[in-house]
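Down below is the structure, laid out as structure tokens.
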Amino acid sequence: MRTALAIVGVVLVLVGGLWVLQGLGYVGGSFMSGARQWFWIGLGVAAVGLVLAVLGVKGRRG
């Protein structure tokens, strides 16, 4: 379960990072390119992914 959580977290970080770059206009070819709301959405998705990845790697200790 922890491995799956870490994998999902990493995927979310990568997707969020892509959306941030599209929102800032660095990646073109999409309706998301240059639209600032995708910067914020991507930032949020990447942050959630980072938390999930860290939880997946660290796991529960107790």
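The values are calculated or read from the model by the stated rules, or taken from the named source; none is laboratory data. Keep in mind it's a predicted model, so treat the numbers as computed, not measured. In this analysis, Cβ positions are derived from the backbone assuming ideal geometry, glycine residues included, and neighbour counts consider all displayed protein chains.
Details
- Flag if residue 56 is part of a helix (DSSP H, G or I), touching a helix residue (DSSP H, G or I) at 6+ places or on another chain (Cβ under 7 Å) and either surrounded by fewer than 13 Cβ atoms within 10 Å (Cβ to Cβ) or not hydrophobic (A, V, I, L, M, F, W, C) (or both): yes
- Looking across 18, 14, 24, one residue alone is among the hydrophobic types (A, V, I, L, M, F, W, C) and touching a Phe, Trp or Tyr at 6+ places or on another chain (Cβ under 7 Å). It is 24.
Conditions (1) surrounded by 15 or more Cβ atoms within 10 Å (Cβ to Cβ); (2) in contact with a Leu (Cβ under 6 Å, 6 or more places away or on another chain); (3) at pLDDT 95 or above; (4) over 20 Å from residue 54 (Cβ atoms), marked per residue:
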residue	(1), (2), (3), (4)
4	no, no, no, no
12	yes, no, yes, no
27	yes, yes, no, yes
40	no, no, yes, yes
